[in-house]
1. Take B:E33 and tell me if it is out of contact with any strand residue (DSSP E or B) (no Cβ under 6 Å at 6 or more places or on another chain), within 9 Å of chain A (Cβ to nearest Cβ) and part of a helix (DSSP H, G or I).
2. Could you please find all residues in the range B:228-274 being in contact with a Gly (Cβ under 9 Å, 6 or more places away or on another chain), at pLDDT 85 or above and not hydroxyl-bearing (S, T, Y)?
3. Mind listing just one residue for me: the one in the range A:2-49 that is of a type in the set (D, E) and surrounded by 15 or more Cβ atoms within 10 Å (Cβ to Cβ) and, of those, nearest to the other protein chains (Cβ to nearest Cβ)?
4. Is it true that B:E24 is within 12 Å of chain A (Cβ to nearest Cβ) and charged (D, E, K, R)?
5. Only one of these conditions is not met by B:E5: (1) surrounded by fewer than 15 Cβ atoms within 10 Å (Cβ to Cβ); (2) closer than 24 Å to A:A27 by Cβ; (3) within 10 Å of chain A (Cβ to nearest Cβ). Which number is it?
6. Considering only residues of the range A:50-75 that are closer than 15 Å to A:V11 by Cα and within 11 Å of chain B (Cβ to nearest Cβ), which is surrounded by the fewest Cβ atoms within 10 Å (Cβ to Cβ)?
7. I'd like to know if the range A:90-105 contains one or more residues that are facing chain B (nearest Cβ under 9 Å) and modelled with pLDDT under 90.
8. Pairs only if they're at least six apart or on different chains, beta carbon under 8 angstrom, first in the range B:42-58 and within 11 Å of chain A (Cβ to nearest Cβ) and in contact (Cβ under 8 Å) with a residue 40 or more places away in the chain, second of a type in the set (D, E, K, R) and part of a helix (DSSP H, G or I); list them, first residue then second.
Amino acid sequence: MREPTFLILTVLAGGPRHGYGIVRDVAALSEQRVTLRPGTLYTALDRLTAEGLVEPDREETVDGRRRRYYRLTTAGHHALTTEAARMHQLVNAAETRLRALRPRTT
Amino acid sequence: MSRLEERYRLLLRLLPADYRREWEDDMVAAFLESMDTGDAETSAYVADYGRPQLSEVASVIALAARLRLGGTDAPPRSYAWGEAVRLATLMATLAHAVMVTAGVAITTWLSGNIAWLPAPPPDWMPVAAGNLWRTAWDLADYAWLPAYVALVLGHRRVAQALALLAILPPALTNAVRQAAGEVPPSASPWVMLLLDGVLVLAMAAFHDDAAPVPRRRWLRALPIGILLVPVPLFAVQATSQVLRLLDWPGLSCVLVSVATVIHLAGRRPYRPARALPWSLALTLLATTILALRLVTMVDYGHQAQHATLLTIAAAEAAVLLAVGAPLAAMTIRALRRLPAAPTEPPREGIGP
């Protein structure tokens, strides 16, 4: 799973978001390191919707503009859980090795 | 609707209509929200005078390329266009790579560095370059070879960077020489620069959704291409003066005509889906090369043998038109027959 996809799913795990809400939350979550461009966001949303990981939630009109919200599906929740577990295992492995390295480097 | 929204909707017209029906309003809302500063006066100014940012334009262009030049999961028509552009790009880059690789071999021979070959005639000796920088500048053209290898190996951005490295130094040199009056003004280098620029842009069709290029087949095409084109040309050149009348647009006409004839002769009517990307790729190449041939004929007006050169160029264009027109007609009919909705076409990697 690519980082933008992981971040979009992580944002949606916090509740339904509309397009710009996802862009804003991804920037905040990654501490401004990742800025999703609309081309990237809607490519990902189109693909995630087709794969059944994300689905439209509701529509609202704010200041005359339509906002379509998206939410995580059960399959999306499962995919994110699997990816998070995989990353967690990698982080654990890295930390274990770094801890083992530390006494020798000091 | 504000002027800014109009500009965003105009930009989104790059995307296919069915995609716009699904996503346009949503995308415009996201664009406009991203420009919202929270201050009423500034927002009103931006609504009138704001423009899509360069990064937004680039992301929409990339999305349009991905959708219109589809990969393995795209609808049949988008997939056919995607495969055709990828094939045409590979063939054009291969042609550059073949010619520069042969150029390296010939330069090495002319420099007397291949001892086992007979010495070249004295009037073939290369003109000594002025200095190291000038030599390096002239060698930039050879970047087409690693650019082709990078494209085949799936490193699209590296290929684009290397191709730019091959294109820009000769373009700058030409601009300076034409401005200084060292060479007469001519359209040919600029038209070829434009086409090379289009080639670099067309490499965007090798996006993540596209199937990987079959490496072995396309890498093998490089030595085969050298044996089939520059080696015979060089052998003829060594014994006859006739090839001095054949320039790059002329050679391109001959190559595309031969490839089209081979394609038409070997086409299997019971496998139209497999043949279509090749037909479309050759149609694209034939159209481009025909335009190149016609435009570059203008430059013959200044040359001593202009009557002979014009006759040869007209014959090259006529042959290309004669073989390209039936292929184009068949290709357009086949494209129209393709269903708009996604089906299951054969999704093999592109191969020669």
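1. Yes.
2. If the condition is that a residue be in contact with a Gly (Cβ under 9 Å, 6 or more places away or on another chain), at pLDDT 85 or above and not hydroxyl-bearing (S, T, Y), then B:V256 is the only one that fits.
3. This residue is A:D46.
4. Spelling it out, B:E24 is indeed within 12 Å of chain A (Cβ to nearest Cβ) and charged (D, E, K, R).
5. In the conditions (1) surrounded by fewer than 15 Cβ atoms within 10 Å (Cβ to Cβ); (2) closer than 24 Å to A:A27 by Cβ; (3) within 10 Å of chain A (Cβ to nearest Cβ), B:E5 misses (1) alone.
6. Applying the filter and picking the extreme gives A:P56.
7. No, the range A:90-105 contains no residue that is facing chain B (nearest Cβ under 9 Å) and modelled with pLDDT under 90.
8. Sorted first by the residue in the range B:42-58, then by its partner, the pairs are B:P52/B:R7.
The values are calculated or read from the model by the stated rules, or taken from the named source; none is laboratory data. Here the structure is a predicted model, which is why all the values come from computation and not from measurement. Cβ atoms come from the backbone with ideal geometry, glycine included; neighbour counts cover every protein chain shown.
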